[in-house]
Amino acid sequence: MAWSDLLAAFALYLVLEGLIPFASPAGWRNALASLARLNDGQLRTFGLGIIIVGLVLLFLVRG
């Protein structure tokens, strides 16, 4: 994997992260407020779920 691939992936991540607050600022704010109310264990589980989904997608795309 070249550095350009990593930078392209990071750029795409930034674009995707920016879409939600741009499209629905109130919904984004509510989602963040909901996440802030989770305890540490729930937040870790949520983060682990996101990591697993990301790894599965990466495996499917890059095989």
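A short reminder: the numbers here are calculations on the coordinates, not readings from a lab. This is a predicted model, so every value here is computed, not measured. Note that we place each Cβ from the backbone using ideal geometry, even for glycine, and neighbour counts take in every protein chain shown.
Just to confirm the number: angle between the C-alpha axis of helix 3-23 and the first principal axis of the chain, 0 to 90 degrees, nearest 10?
Tilt relative to the chain: about 30 degrees.
Could you check how many percent of all C-alpha pairs in the chain are farther apart than 13 Å? Show your work: numbers first, answer last.
Values: 1462 of 1953 pairs.
That tail contains 75 percent of the Cα-Cα pairs.
What do you get for trypsin sites (Lys or Arg not before Pro) in the range 21-63 restricted to DSSP loop and a cutoff of at most 16 other Cβ within 10 Å of the site's Cβ?
Values: sites: Arg29, Arg37, Arg44, Arg62; in loops: Arg37.
Filter output for the range 21-63: Arg37.
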